[in-house]
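The next block holds one structure in the form of structure tokens; read it before the comments.
Please treat every number below as a calculation from the coordinates, not as lab data. Bear in mind that the values here come from a model prediction, so they are computed numbers and not experimental data. Positions of Cβ are generated from backbone atoms using ideal geometry, with glycine treated the same way; all protein chains shown enter the neighbour counts.
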Amino acid sequence: MPISEWFHKKGKNSGINPSSEKREIPEGIWSRCAACNEIIFQGELFRNHRVCPKCNYHFPLTPWERINLLIDENTFKEFNPHLCSKDPLEFVAAKSYLESLSQARERTGLDEAVVTGEGQLNGHKVILGVMDFRFVGGSMGSVVGEKITRIVEKAEKEGIPLITVSASGGARMQEGMLSLAQMAKTSAALARLHEARVSYIAILTHPTTGGVAASFAMLGDVIISEPRALIGFAGPRVIEKTMKQKLPRGFQTAEFLLEHGMIDMVVPRWELKSTISKLLEFFTG
Ligand SMILES: [Zn+2]
């Protein structure tokens, strides 16, 4: 299978109804819920923070929608918006890496798969990194790793709480070892942040997998997930084949991970800002 298709594959646990892709509806006014198939007026969806009013399915948010949800109006200042990846391995699969990057830039209006910056959350100063799954599957290459490391180091230096919002298929394989090295780099920076006793809240959204789940996304002092998000390292089929046993129902969902102590909370989107605000009040006294 070409590498580009890895990120479009929908797992059995994703909560997404495959039949939803077949029927077409006019774009712009109505959206179809990927979980319950209901047709929803976009205005209603917008007012509901892009959560399905029928079944509570959480539609993906763009980084700017997420920043608007969490950060007080007109307080966000972006860092390093134009840091962008090179193609050190001159990688070509079904299409070249440079072509994937250029399509992702066009699709998202971003130069990379993470937006970082600082702002206020209910008056608390925070440093924030928000990933975009639409950008090469939200994969972590050298630039995503560098931008995350820079915000961790800034949080440490200035003693400002750090928040990350993950959505990722894992390491960016088109950058080979250079992408894998970002797991160690971000984790080492977070170890220094922990030593400096600066709070770090990690928010996981659907899906958070691979090298991002295996590094900064799961290293928060508090780890919060949105409901029904797929969270894991390898996909369920790979695990089943390796372990030669059937996986339990709901495996790799946020709710399953909460039950088994891997994460601290599952919080619906409309309560996310107030929950983080309470945590920041608790941590900062
Ligand atoms: Zn729904």
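Under a 10 Å cutoff between Cα atoms, tell me which one of THR242, THR62, THR149 has the largest fluctuation in the Gaussian network model of the chain.
Answer for the Gaussian network model of the chain: THR242.
For the chain, just the Cα set please: Rg and Dmax, both in angstrom.
18.4, 53
At 222 nm, what helix-only mean residue ellipticity would the chain give, in deg cm²/dmol to the nearest 500, using -39500 (n - 2.57) for each DSSP H run of four or more?
Calculated mean residue ellipticity at 222 nm is -10000 deg cm²/dmol.
Peptides 116-125, 197-206: what's the order by average Cβ count within 10 Å, highest mean first?
Put in order of decreasing packing, that is 197-206, 116-125.
Fewest first, what order do SER225, SER96, SER142 take by the number of other Cβ atoms within 10 Å?
SER96, SER142, SER225
What is the distance, in nm, between label points placed 7 Å from the Cα along the Cα-to-Cβ direction at GLU255 and at ARG47?
Once both label points are built, they end up 2.7 nm from each other.
Multiply the residue separation of GLU195 and MET265 by 0.36 nm, subtract the distance between their alpha-carbon atoms, and state the gained length in nm to one decimal.
22.8 nm
Just to confirm a number: summing +1 for Lys and Arg and -1 for Asp and Glu over residues other than ARG269 whose beta-carbon lies under 14 angstrom from that of ARG269, what do you get?
Charge balance in the 14 Å sphere: +2.
Please build a GNM for the chain, connecting alpha carbons under 10 Å apart, and tell me which residue among LEU69, LEU89, LEU61 fluctuates the most.
LEU89
Roughly what % antiparallel, to the nearest 5, for the DSSP beta bridges in the chain?
Of those bridges, close to 45 percent are antiparallel.
ILE29 versus ALA93, label points 7 Å from Cα toward the beta carbon: distance in nm?
3.9 nm
Summing Lys, Arg as +1 and Asp, Glu as -1, what charge do residues with Cβ under 12 Å from the Cβ of LYS54 carry, LYS54 excluded?
Within the 12 Å Cβ shell, the charges total -1.
For the stretch 78-130 and the stretch 175-200, what is the centre-to-centre distance using only Cα atoms, to the nearest Å?
18 Å
Among residues other than LEU70 whose Cβ falls under 11 Å from its Cβ, what is the net charge (Lys/Arg +1, Asp/Glu -1)?
With Lys, Arg at +1 and Asp, Glu at -1, the net is +1.
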